[in-house]
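Encoded as structure tokens, the structure appears first; notes follow it.
The values are calculated or read from the model by the stated rules, or taken from the named source; none is laboratory data. Small disclaimer: the values here were computed from a predicted structure and weren't measured. For neighbour counting, all protein chains shown are included, and Cβ atoms are generated from backbone atoms with ideal geometry for every residue, glycine included.
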Amino acid sequence: MKHYIGNGCVVESLPYNKSKTTLITEKIASLESEHSEDAFFVADLGDIVIKYQTWRELLPRIDPFYALKCNDDHAVIKLLADLGTSFDCASKAEIEKILNLGVSPSRIIYANPCKQKSFIRYAAKHNVKTMTFDNEAELYKVKQSFPEARLVLRILPPADFKVQCNLGIKFGCHPKKAAQLLTKAKELELNVVGISFHVGSGAEEAEAFAAAVEQAYYVFELGREMGFNFELLDVGGGFPGQKNTAITFKEVAEVLNTALDRYFPSDTGIRIIAEPGRYFVASAFTLAVNIIAKRIVLRDRPIDGDAQEMMLTPNDEPAFMYYVNDGVYGSFNCLLFDHAKVQPSMVQDCQDENTFTSSIWGPTCDGLDCIMEDCLLPELPVGAWLFFEDMGAYTMSASTCFNGMPRPSCHFYCSEDSWYYLYPEQKKKTEIRIPSKAIPILKTGLDIHSSYEQTDDVFGSPLNFDKICEDITC
Ligand SMILES: Cc1ncc(COP(=O)(O)O)c(C=O)c1O
């Protein structure tokens, strides 16, 4: 069953558990029948629904504000909006995107401590009141453009913990300087409502959250002593989202809940929010790429341009350079910007058990465009496909079309269970039996889905099958 969700986006709901490899294989067959070999994503929206349910179960006190920067695809944000999450936006365009979904401005935190003035004015105009700050200059800008804002002081978390991306090098007021900043806010008669932190993206030690909560508590106390009416704690992002990570979400949840119960017990009435990004989307997306070119080189000798290929003798151990149709200027920008590690898998099982030293390169003309410098793969022909899992976070949102390389399309799917968990009213509609009089007409080629395809938003207001059947039988 296909669902049209606005912005030209289609989601296929699956009545049974079709494996991801089967989906990828089907998609490849359909591409090849059109003589195409373009790279593509498959994205399991059901995975995001399950992540949401798990969040609610394991972190019941914390309202997630999804960090749009991580993946702002329409299907992702529409699904999350309908699930009930709120949003962390970092710019005017991100705020606009969320408001255009019909989400209330009260469900947005403008979580960029260094904002362009005109963006603050935009937030003011659209009543996006909650925003972070970590420096004095920001306070003057807010005073000038949006004095009614609800400000959240972002503090630097303790730096003793391992993270994939350290955000503390750029943002966060040192807790020792908090008093100075809060004094300035008081002087400017600004409304500071709470504290936020971000332990770093891709936290690798759960204790980082506990240490940051403890530190936030002391700044909270300070703020209260200074006469602020603090009511909000924002524990930021950093939650693991890939399939295999140094720590599990469950471990983080346990540590975080214990720290919150100790320092911010529920009877204090403080609202606790978070800004998860990769947690929701990393594992939902898988990228399939096509090997568009290949070069055989000598494994044990220094690379020497074209002469390499000429010099290969039967005694030489070959190595293979594979060129695929997405790279670091595209979805694999995560290798540069997010310090990500990626792992290729093969779509078809390979009969040949021999593996060779291989490297995988992107499609552009730039030597920097290398996905993997050294991995072991069987020898693969030009035209073979590879896929990479865990590709939903900080991939498509920062990709470019450098050298004219197209961005991969995305095939969204979802198990029926997850889909109807979210849209139970659609289940009733789709269960309606088509009147027998209509069946011959349908058989003559009238495709309900494509005939009634809508370009506007029909998420949450499903295709009206009663009406369709009425139309057909009239
Ligand atoms: C302010 C802010 N909030 C939330 C996030 C999301 O972090 P993560 O994807 O690690 O959950 C980021 C990521 O850079 C961020 O800068």
### Query
Quick one: what pairs do we get from segment 232-253, first residue in contact (Cβ under 8 Å) with a residue 12 or more places away in the chain, second of a type in the set (Ser, Thr, Tyr) and more than 10 Å from the ligand (Cβ to nearest atom), C-beta under 7 Å, 6+ apart or different chains?
Pro240/Thr248; Gly241/Ser283; Gln242/Ser283; Lys243/Ser283; Phe249/Thr54
### Task
Give the residue, chosen from Pro440, Pro424, Pro462, Pro435, that is away from the ligand (no atom under 16 Å from the Cβ), at pLDDT below 50, loosely packed, with under 11 Cβ neighbours inside 10 Å and more than 30 Å from Gln351 (Cα to Cα).
Pro440
### Summary
Restricted to segment 207-248 and to residues being surrounded by 16 or more Cβ atoms within 10 Å (Cβ to Cβ) and among the polar types (S, T, N, Q), the residue nearest to Asp160 (Cα to Cα) is Gln215
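Looking only at strands (runs of 3 or more DSSP E) that fall completely inside segment 9-85, which ones have 1 or more residues that are crowded, with 23+ Cβ neighbours inside 10 Å?
Values: elements: 10-14, 40-44, 62-67.
Of the strands (runs of 3 or more DSSP E) lying wholly inside segment 9-85, those with at least 1 residues that are crowded, with 23+ Cβ neighbours inside 10 Å span 40-44, 62-67.
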### Query
Which pairs do you get when a residue that is on the phi > 0 side of the Ramachandran plot and more than 16 Å from the ligand (Cβ to nearest atom), found in segment 168-192, comes within reach of a residue that is at pLDDT 95 or above and not in a helix (DSSP H, G or I), reach meaning Cβ atoms under 9 angstrom, with the pair 6+ apart or on two chains?
Glu189/Pro147
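Only one residue in Pro158, Pro147 is more than 19 Å from Leu233 (Cβ to Cβ), touching a residue at least 24 places away in the same chain (Cβ under 8 Å) and either among the hydrophobic types (A, V, I, L, M, F, W, C) or not in a helix (DSSP H, G or I) (or both), so which one is that?
Values: Pro158 fails: more than 19 Å from Leu233 (Cβ to Cβ).
Criteria check complete, one pass: Pro147.
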### Query
Conditions: (1) over 28 Å from the mean Cα position of the chain (by Cα); (2) at pLDDT below 85. Gln348 meets all but one. Number of the miss?
(1)
## Note on the structure
Considering residues that are within 26 Å of Ile272 (Cβ to Cβ), more than 25 Å from the chain's Cα centre (by Cα) and away from the ligand (no atom under 15 Å from the Cβ), the number found within segment 127-146 is 4
### Query
Any residue at all in segment 115-126 that is within 16 Å of the ligand (Cβ to nearest atom), without any contact (Cβ under 8 Å) to a residue 24 or more places away in the chain and exposed (fewer than 14 other Cβ atoms within 10 Å of the Cβ)?
no
### Task
Examine segment 232-251 for a residue that is within 16 Å of the ligand (Cβ to nearest atom), among the polar types (S, T, N, Q), at pLDDT 95 or above and touching a Lys or Arg at 6+ places or on another chain (Cβ under 9 Å), and state whether such a residue exists.
no
